[in-house]
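First the structure, in the form of structure tokens, and then the observations on it.
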Amino acid sequence: MLYTGPAFSAAALGDGIVELKFDLAGESVNKLNQVALRDFAAATQAIAKDGSVKGVIVTSGKPVFIVGADITEFGAMFAAGEAAIAKFVLEVNRMLSAFEDLPVPTVVAINGVCLGGGLELALAGDYRVMSTAASVGFPEVKLGIFPGFGGSVRMPRIIGVDNAVEWICAGADKKADAALKDGAVDAVVAPEQLRDAALSMLKLCIAGRLDWKSRRAAKLSPLKLNKMEQTMAFTSSMGVVGAQGGPNYPAPMLALKNMQEAATLGRDAALEVEARYFAKAALTPQASALIGVFLADQGVKKVAGAWAKKSRKEIKQAAVLGAGIMGGGIAYQAAYMGTPIVMKDIRDDALALGMNEAGKLLAKQVEKGRMTPARMSETLGRIRPTLNYGDFGSVDIIIEAVVENAKVKKVVLAEVEDLVREDTIIASNTSTISISLLAESLKRPQNFVGMHFFNPVNMMPLVEVIRGKQSSEDAVAATVKLAGRMGKTPVVVNDCPGFFVNRVLFPYFAGFHMLLRDGADFQAVDKAMEKFGWPMGPAYLMDVVGMDTAVHAAAVMAEGFPDRMSHDWKNTTQLLVANQRYGQKNGKGYYVYAPDKKGKPQKSVDPATYELIKDVVAPRKEFTPEEIVARCMVPMFNEVARCLEEKIVASPHEADMSLLYGIGFPPFRGGACRYIDQTGVASFLATADKLASLGKLYEAPKLLRDMAASGKKFFG
């Protein structure tokens, strides 16, 4: 054994071949943390000192190759400032360059997931052999940064500028066939053949039958493009990358500028350029927010995992009550992820609608090549439509998805409870109605929870699992486990009208309505909020949600929180609904809609909207984008803080991820709590206080005032 450490070992295999194996102690995956990096450098030095070594094969001792750098270490590193960040990545690159400069050929055997820093380490080898089961890629732009361990230097020299720009600036994972086609790897083999194939390639290098020295020289040299070719390659990429990333995601453009500046330089000088640009990207607010989102997502999944482990209940058979678009979506999601489900309704046409919804979603999977027709048929077979309760005696959990009306729900819930086993869990897919209120009709309220899916079910990651006053821990845990099995991210919240997501969404809508009342143009509001980062502005969002649905939900919220969510004036949405304008569902709301060539509703402005609302709005007044953002977002942020204060949601990271996954909060802003942290709690309070005359929605809660007084943040 040449070397043994906490992450790497170097063992002689005979004939001068050394296996450098990465097997990070105490971890389920390999990641490039500080321990691993120091160990990699030490192992490389040990190999370099042994004159008998003729070649090195790099392998993994875990099912993955390397998942990337340890993101939990980024916070301390980035806090050290721009110069320190650049110095750190240059130190890492010296380690990788030392490996790249070994006087013998190197072959990397990629057995599993190989991302970010893991792929950068692989690129430092002379050749790469990849398992068909593996995936590779540079996801760094999703964290607001770009490859900083030599990836942006080596990749263009290996696969060319155009391919490298796509790999680095898009951030997508690549399967083995795509990686081979682009030239990022040199061979693809079945998993069981990987080690032998890598060794065979290494032996060809040692025998001189593969020119590893020329290949290495290309990575150490400037790009093999003349000045005109470089200008054309990078200029054409600038337009595409700039349009895709936009001003809210600066990392792709910084990566591109870095690659252009480094193109004429040798490896070491190019790495210095990379370090400088990487440090700039690392200190953007977007990087801070997106890395925070990644860590918050891990935190949410950890909490959900802990809940799921508490449950011993096996969900072998589910059921959904109500077979409309939502019921059909729930049935599809359960069946798609492998859980058989009964879909019950009282009308044949409703069952047909639900099955049609599931069928359409599955057909799209087939069209995209993600599913075979045979698997589509098998999945549809897991959904059993029925008009009666005959199969409900064997059901483990029932998801009620009938009309959003407390009286109707209570009747349906009480009816089904009498027909199922005593241990059957009943979950309501209500979006606003109190779970404790609905539980009043039940004999076994301990088995009753909320399970709030978001529309469209197949696309929205979040499921709120609502714990009523009498909901048992077992019922909550089993529901969380089912949500995870359905491919969703569950967040447990305590009961109140609107739960967490809708409770904080409707103050946002209230801010919008007050803006219109005071003379703002709804198009200008939408434009400002979309520029802030929302996928659609509030007027457009209400059209998509359904204006009648929004009015009904707002009434529930007003009854639950009358001091700040009720009002004594008629808002524009109420008026439009009174005029049968319901949004996309009937083709007219704030905007009017007509199908485009693909059949999707395309919005356009309708002058009639302005005529209809003129009696409930003030004369037109111009508001700055900053004023619009403040008036819409301050009520939402205040309500988030109240929910944390009241323990409706357990933690800031669960609050932030619920907003991102439930209603499309801009990821580059990190979530409500992280946004307040970045703005500064005192600065946010100053904005809220300026608007306090607008009503209680704008009055900051005690939690925020206490945080400002003590200098605390939501995230340390």
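What follows draws every value from the coordinates through simple rules; no lab data is involved. The model shown is predicted, which means the values in this text are computed figures rather than measured ones. A quick note on method: Cβ atoms are made from the backbone with ideal geometry, for glycine too, and the neighbour counts reach across all protein chains shown.
In segment 313-495, what percentage of the DSSP-assigned beta bridges are antiparallel, given to the nearest 5?
That works out to approximately 15 percent antiparallel.
With each pseudo-label sitting 7 Å past Cα toward Cβ, what's the K527-K309 distance in nm, one decimal?
Modelled inter-label distance: 5.3 nm.
Provide the gained length on full extension for the span D348 to R370, in nm with one decimal, where the gain is 0.36 nm per separating residue minus the Cα-Cα distance.
Full-extension gain reported as 4.9 nm.
Report for segment 3-283 the percent antiparallel among DSSP-assigned beta bridges with both residues inside it, nearest 5.
Expressed as a percentage, antiparallel bridges in segment 3-283 total about 35.
Run the simple label-point estimate for S683 and E627 please: 7 Å along Cα→C-beta, distance reported in nm.
Placing both labels 7 Å along Cα→Cβ, they lie 2.1 nm apart.
Beta carbons within 10 angstrom, averaged per residue: use that to sort the peptides 217-223, 335-341, highest first.
Working: 217-223: 15.7, 335-341: 18.9.
For the peptides 217-223, 335-341, the packing ranking is 335-341, 217-223.
Can you tell me the convex hull volume per residue for segment 56-187, based on C-alpha atoms, in Å³ to the nearest whole number?
104 Å³
Indicate, rounded to the nearest 5 percent, the antiparallel portion of the DSSP beta bridges found entirely in the chain.
That works out to approximately 35 percent antiparallel.
How far is helix 348-367 tilted, in degrees, relative to the longest principal axis of the Cα atoms in the chain, given as a value from 0 to 90 rounded to the nearest 10?
20 degrees
Quote the charge dipole size of the chain about the Cα centre in Debye, to the nearest 20; the model charges only the Cβ of Lys and Arg (+1) and of Asp and Glu (-1).
Value, rounded to 20: 600 debye.
Quick one: T573, T284, fewest Cβ neighbours within 10 Å first, how do they rank?
Least to most surrounded, the residues fall as T284, T573.
Rounded if a/c is under 1.5, else prolate if a/b is larger than b/c, else oblate: which is segment 602-673, with a ≥ b ≥ c the root eigenvalues of its Cα gyration tensor?
Prolate, because a/c is 1.5 or more and a/b exceeds b/c.
Counting each pair of different Cα atoms once, what's the Kirkwood radius of segment 494-602 in Å, rounded to one decimal?
So the Kirkwood estimate lands at 14.5 Å.
Just rank L96, L612, L119, fewest to most, by other beta-carbon atoms within 10 angstrom. Write out the running numbers ahead of the final one.
Details: L96 25, L612 17, L119 30.
Lowest count first: L612, L96, L119.
Which cross-chain or sequence-distant (5 or more) residues have an amide H under 5 Å from the amide H of Y249, H modelled 1.01 Å from N in plane?
none
Quantify how much of the Cα-Cα distance distribution of segment 3-283 extends past 25 Å, in percent.
Result: 43 percent of Cα pairs exceed 25 Å.
With a 10 Å radius around each residue's Cβ, average the other Cβ atoms per peptide and rank 288-296, 344-352, 674-682, highest first.
Listed from highest to lowest mean packing, they are 288-296, 674-682, 344-352.
Could you give the size of the charge dipole of segment 313-495 about its Cα centre, using +1 on the Cβ of each K and R and -1 on the Cβ of each D and E, expressed in debye and rounded to the nearest 20?
Dipole of segment 313-495, to the nearest 20 debye: 480 debye.
Alpha carbon centre of segment 294-369 versus segment 84-160: separation in Å?
Comparing the Cα centres of segment 294-369 and segment 84-160, I get a distance of 39 Å.
Excluding S604 itself, calculate the net charge of residues whose Cβ lies under 12 Å from the Cβ of S604, where each Lys or Arg counts +1 and each Asp or Glu counts -1.
-1
Each residue of segment 416-430 in order: what ³J(HN,Hα) in whole Hz does its phi give by Karplus 6.51 cos²θ - 1.76 cosθ + 1.60, θ = phi - 60°, with x for Gly and Pro?
6, 4, 6, 10, 10, 5, 5, 9, 5, 8, 10, 10, 9, 8, 5
Rounded to the nearest 500, what is the 222 nm mean residue ellipticity of the chain from helices alone, with -39500 (n - 2.57) per DSSP H run of 4+ residues and division by all residues?
-16000 deg cm²/dmol
Rounded to whole Å and sorted largest first, list the principal axis extents of the Cα atoms in segment 313-495.
For segment 313-495, the Cα extents along the three principal axes come out at 46, 32, 28 Å.
Using modelled backbone amide H atoms (1.01 Å from N, in-plane), which distant-in-sequence or interchain residues come within less than 5 Å of M337's amide H?
Correct list: empty.
To one decimal place, what orientation-averaged projected area in nm² is obtained for the convex hull of the Cα set of the chain?
Orientation-averaged projected area of the Cα hull: 33.9 nm².
Net charge near H653: determine it from the other residues with C-beta under 13 Å of the C-beta of H653, scoring Lys and Arg +1 and Asp and Glu -1.
0
Taking the number of other C-beta atoms within 10 Å as the exposure measure, put M228, M547 in order starting with the fewest.
Values: M228 8, M547 26.
Listed from fewest to most nearby Cβ atoms, that is M228, M547.
Any idea how far apart N586 and A243 come out in nm if each label point goes 7 Å out from Cα toward Cβ?
In this crude spin-label approximation the distance works out to 3.9 nm.
Relative to the longest principal Cα axis of the chain, at what angle does helix 325-336 sit, 0 to 90 degrees, rounded to 10?
30 degrees
What whole number of Å gives the distance from the Cα centroid of segment 521-566 to the Cα centroid of segment 16-43?
Each part reduced to its Cα centre gives a spacing of 51 Å.
Taking Cα atoms, how many degrees apart are the long axis of helix 652-663 and the longest axis of the chain, rounded to 10 and kept between 0 and 90?
Relative to the chain, helix 652-663 is tipped by roughly 70 degrees.
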